[in-house]
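Engineer: Here it is: the structure, laid out below.
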Amino acid sequence: MSSAMGGRRPVVAALYREALPPRLAEVEELAEVRLTKADGLAKAMDGADVLYQWHSFSPALRENWGAASTLKWVHVTAAGVSQLMFDELIQSNVTYTNSRGVLSRAIAEFTLGFVLDIAKDAQGSFRLQQQQRWQHRVTRKIQGQTALVVGTGSIGREIARLFRAVGMEVDGAGRSSRPGDADFDQIHSSRELSKVAGAYDYVVLAAPLTTDTRGLVDGEVLAAMKPSSRLINVGRGQLVDTAALTHALKSGSIAGAALDVVDPEPLPEGHPLWSLENVIITPHMSGDTEDYLDDLAKLFVDNLKRYCNGEPLENVVDKSLGFVPNAEPSLTF
């Protein structure tokens, strides 16, 4: 029985959109569960201790904040949570956890796939195949290529490890400049991106969206990149000035881009990015493997066990920053 709850089973309001979360029986073993869609959230949160936000990007908590007076902990099944933050939540004592790390390896694999696709011209091969043309070409080596990974958290570090495994040279960019470590040869300040971006063959965006990172890659940064370089974005679309990127791609000031996220999203029909041959676009799917929903649910079950036992929760978000500042468990309730 719960030591943190004084012997009382916690009440969990579980917000979903269509399909129920996996591992629900495991949650019900630990807590009283109130399943709800957005229109019933206020009633479900009445007296609830925990909000399990399976519908990860729903604005329902913000819209029903007045009914959240007993909440102690909110968990969301997403890593990027900037769009879910609002003043009342930030200023409250409610602990907020996210799903940092669950999808990191899958996103890193997808990112390496982008690099392989670009270097080996898989898109060109497919176009020639569609035309039934046998046209020999040469492709680019990956070994020895340089990459700057913007975002040195869980996702960025997994990307760096895979890049290094295939012989790439990898630096990072984060909130501050500092010496390198096991994953990055050196780490630059993201505020100096325009000064350092020209040294790399690939600039990879894996940063959370915050007030500091919104529009981080603008016309100045794109102009600083090498004409032979590529931009890869597996972070958030709003990290990039889309108009400036479109201009850079059309003008040839950079060689290409691979975008799993865009701004706006979804990309509207007829947008010029769709028709550029030097662009790869995927529909925000880099972390979505066949078993990712179960992995997300398992993280919540494990954290709920911690909560019931009065142990430190994993993935506690610094609400003023909008992300988990480090990988250490934090006891904040």
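The values are calculated or read from the model by the stated rules, or taken from the named source; none is laboratory data. Only a predicted model underlies this, so the values are computations on that prediction, with no experimental measurement involved. Backbone-built Cβ (ideal geometry, glycine too); neighbour counts: all protein chains shown.
Engineer: Could you look through the range 167-186, keep only residues that are among the acidic types (Asp, Glu) and either in a strand (DSSP E or B) or in contact (Cβ under 8 Å) with a residue 60 or more places away in the chain (or both), and pick out the one that is nearest to Val150 (Cα to Cα)?
Structural biologist: Looking at residues that are among the acidic types (Asp, Glu) and either in a strand (DSSP E or B) or in contact (Cβ under 8 Å) with a residue 60 or more places away in the chain (or both), I get Asp171.
Engineer: Here's another thing I want to ask about it. List the number of the failed condition for Trp65; all other conditions in (1) touching an Asp or Glu at 6+ places or on another chain (Cβ under 8 Å); (2) without any contact (Cβ under 8 Å) to a residue 24 or more places away in the chain hold.
Structural biologist: With respect to (1) touching an Asp or Glu at 6+ places or on another chain (Cβ under 8 Å); (2) without any contact (Cβ under 8 Å) to a residue 24 or more places away in the chain, Trp65 is out only on (2).
Engineer: Any idea which of Arg17, Arg62, Arg34 is basic (Lys, Arg), crowded, with 19+ Cβ neighbours inside 10 Å and within 27 Å of Asp87 (Cα to Cα)?
Structural biologist: From the options Arg17, Arg62, Arg34, the qualifying one is Arg34.
Engineer: Follow-up. Write out, first by first residue and then by second, each pair whose Cβ atoms fall under 9 Å of each other, whose residues are 6+ apart or on separate chains, and whose first residue, in the range 250-277, is farther than 19 Å from Asp218 by Cα while the second is exposed (fewer than 11 other Cβ atoms within 10 Å of the Cβ) and of a type outside the set (D, E, K, R).
Structural biologist: Final answer for the pair search is Trp274/Pro268.
Engineer: Separate question: Surrounded by 15 or more Cβ atoms within 10 Å (Cβ to Cβ), closer than 24 Å to Glu63 by Cβ, at pLDDT 95 or above and touching a Pro at 6+ places or on another chain (Cβ under 7 Å) - does that describe any residue in the range 1-12?
Structural biologist: No, the range 1-12 contains no residue that is surrounded by 15 or more Cβ atoms within 10 Å (Cβ to Cβ), closer than 24 Å to Glu63 by Cβ, at pLDDT 95 or above and touching a Pro at 6+ places or on another chain (Cβ under 7 Å).
Engineer: Please identify the pairs in which a residue from the range 85-104 that is farther than 16 Å from Asp302 by Cβ has its Cβ atom under 7 Å from the Cβ atom of a residue that is of a type in the set (Lys, Arg) and surrounded by 17 or more Cβ atoms within 10 Å (Cβ to Cβ), counting only partners at least 6 apart or on another chain.
Structural biologist: Taking only residues 6 or more apart or on different chains, the pairs are Met85/Lys319; Leu89/Lys319; Ile90/Lys319; Val94/Lys72; Tyr96/Lys319.
Engineer: Given the structure, is Leu20 free of Cβ contacts under 8 Å to residues at least 40 places away in the same chain, assigned by TED's automatic domain parsing to the domain that holds Tyr96 and over 20 Å from Val94 (Cα atoms)?
Structural biologist: The answer is yes for Leu20.
Engineer: For residues in the range 128-153 being touching a residue at least 12 places away in the same chain (Cβ under 8 Å) and exposed (fewer than 15 other Cβ atoms within 10 Å of the Cβ), which is farthest from Val170 (Cα to Cα)?
Structural biologist: If we take residues in the range 128-153 being touching a residue at least 12 places away in the same chain (Cβ under 8 Å) and exposed (fewer than 15 other Cβ atoms within 10 Å of the Cβ), then Arg137 is farthest from Val170 (Cα to Cα).
Engineer: Same structure again: So, in the range 20-40, how many residues would count as being within 21 Å of Asp302 (Cβ to Cβ) and in a loop (DSSP other than H, G, I, E, B)?
Structural biologist: 5
Engineer: I'd like to verify a number: residues in the range 143-169 that are closer than 15 Å to Gly256 by Cβ and touching a helix residue (DSSP H, G or I) at 6+ places or on another chain (Cβ under 6 Å), how many?
Structural biologist: Summing the residues that are closer than 15 Å to Gly256 by Cβ and touching a helix residue (DSSP H, G or I) at 6+ places or on another chain (Cβ under 6 Å) in the range 143-169 gives 1.
Engineer: Quick check on my filter: what residues within the range 278-288 are at negative phi and under 14 Å from the mean Cα position of the chain (by Cα)?
Structural biologist: Selection gives Pro283, Met285, Ser286, Gly287, Asp288.
Engineer: So in the range 80-114, with the set limited to residues that are under 29 Å from Ile142 (Cα atoms) and aliphatic (A, V, I, L, M), which one is farthest from the chain's Cα centre (by Cα)?
Structural biologist: Leu112
Engineer: Take the range 218-238 and flag every residue that is within 17 Å of the chain's Cα centre (by Cα) and touching a residue at least 60 places away in the same chain (Cβ under 8 Å).
Structural biologist: Ile232, Val234, Gly235, Arg236
Engineer: What single numbered condition from (1) farther than 21 Å from His55 by Cα; (2) under 18 Å from the mean Cα position of the chain (by Cα) fails to hold for Ser275?
Structural biologist: (2)
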